[in-house]
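Only the coordinates and a few stated rules stand behind these numbers; no lab work does. If you're wondering where the values come from, they're calculated on a predicted model, not measured in any experiment. Quick reminder, even Gly has a Cβ in these numbers, built from the backbone with ideal geometry, and neighbours come from all protein chains shown.
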């Protein structure tokens with residue numbers, strides 16, 4: 001039995017305008033009839049290692065969240081939504097024995113297997129992320145010019161959930177908020193990498209099925 005309390009935080013605060021329609025994309029229906037949000041909730045709830053599920057969402061759409069799930073108000077940027085979740089959970093849980101798994105609702109096809117492997121890695125590590133090896137050649141560009149072609153075998157595509165000991169991610173965000181240059185992070189692992197460089201981030205291999213829904217055709 002784990003000594004940690006594992007909380008799945010489903011980040012569903014975005015508008016998802018590129019998918020189209022009147023609803024934010026996390027409330028769009030998948031082929032099986034469930035919304036992306038419902039699918040994420042059901043998957044995390046079915047994981048033996050997950051003790052609690054919370055949702056980060058804009059207040060306008062909270063009626064779509066099951067009544068027995070805590071809702072935390074999202075922010076204008078993705079990192080702000082993560083920050084709101086970290087701050088709220090740090091007030092109600094014991095940080096030393098709490099892990100949080102931050103998952104983008106835009107990845108509704110995440111598997112129980114990936115989640116369980118992330119939780120297993122959290123037993124002995126403070127920071128864990130999910131990624132898949134890069135298949136295509138990666139270009140580094142500047143002003144629309146090719147600058148460098150990194151070695152593909154060292155490149156990976158980031159996925160979620162990205163998971164952390166609550167003490168570690170809370171401290172990283174505290175340092176980030178003190179940064180006079182501002183926060184420009186696109187995911188949670190980058191917050192750790194920049195502000196807690198002495199905390200190794202362990203990579204759990206994900207799956208191509210754990211794709212991100214960006215456009216309408218991605219819903220199929």
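Is region 32-137 best put as rounded, prolate or oblate by its Cα gyration tensor, with a ≥ b ≥ c the root eigenvalues, rounded for a/c under 1.5, and otherwise prolate when a/b is larger than b/c, oblate when not? Could the numbers behind the result be given before it?
Numbers: a/c = 1.39, a/b = 1.13, b/c = 1.24.
It is rounded, given that a/c, with a ≥ b ≥ c, falls under 1.5.
Sum -39500 (n - 2.57) across every DSSP H segment of at least 4 residues in the chain, then divide by the residue count to get the 222 nm mean residue ellipticity, nearest 500. The helix-only estimate for the chain comes to -7500 deg cm²/dmol at 222 nm. Peptides 139-146, 113-120 ranked from most to least packed give 113-120, 139-146, packing being the mean of other C-beta atoms within 10 angstrom over each peptide's residues. Between residue 112 and residue 207, the contour length at 0.36 nm per residue exceeds the Cα-Cα span by 33.0 nm. With springs only between Cα atoms under 10 Å apart, run a GNM on the chain and tell me which of 31, 161, 200 wobbles the most. Looking only at 31, 161, 200, the largest GNM fluctuation is found for 31. The modelled label-to-label distance for the pair residue 154/residue 120, using points 7 Å beyond Cα in the direction of Cβ, is 2.9 nm. Cβ-Cβ distance of residue 77 and residue 167, R₀ of 30 Å, FRET efficiency by 1/(1 + (r/R0)^6): the value works out to about 0.80. Taking only alpha carbon atoms, region 48-94 gives an Rg to Rh ratio of 0.98, where Rh is the Kirkwood radius. Between residue 62 and residue 147, the modelled labels are 4.3 nm apart [label points 7 Å from Cα along Cα→Cβ].
Calculated FRET efficiency, residue 88 to residue 22, Cβ-Cβ distance, R0 = 35 Å: about 0.75 to the nearest 0.05. At q = 0.08 Å⁻¹ the log10 of I(q)/I(0) for the chain amounts to -0.28, computed by Debye summation with a single uniform scatterer per C-alpha, solvent ignored. Computed over the chain with a Gaussian network model linking Cα atoms closer than 10 Å, the most mobile of 24, 95, 66 is 66.
Listing 199, 2 from the residue with the fewest other Cβ atoms within 10 Å to the one with the most, what is the order?
Going from least to most buried by this count: 2, 199.
For region 1-81, the Cα gyration tensor yields ellipsoid semi-axes of 23, 16, 11 Å (square root of five times each eigenvalue, largest first, whole Å). Each of residue 178 and residue 1 was given a label point 7 Å from its Cα along the Cα-to-Cβ line. The distance between the two points is 3.8 nm.
Which length gain, in nm to one decimal place, applies between residue 30 and residue 140 when the Cα-Cα distance is subtracted from 0.36 nm times their residue separation? All intermediate terms of the calculation are to be shown ahead of the outcome.
Numbers: separation 110, 0.36 × 110 = 39.60 nm, distance 3.45 nm.
Extra length from residue 30 to residue 140 when fully extended: 36.1 nm.
Please report the base-10 log of the normalised intensity I(q)/I(0) for region 103-220, using a Debye sum with one equal scatterer per alpha carbon and no solvent, at each q in 0.23, 0.24 (1/Å). Normalising to I(0) and taking log10 leaves -1.28, -1.30.
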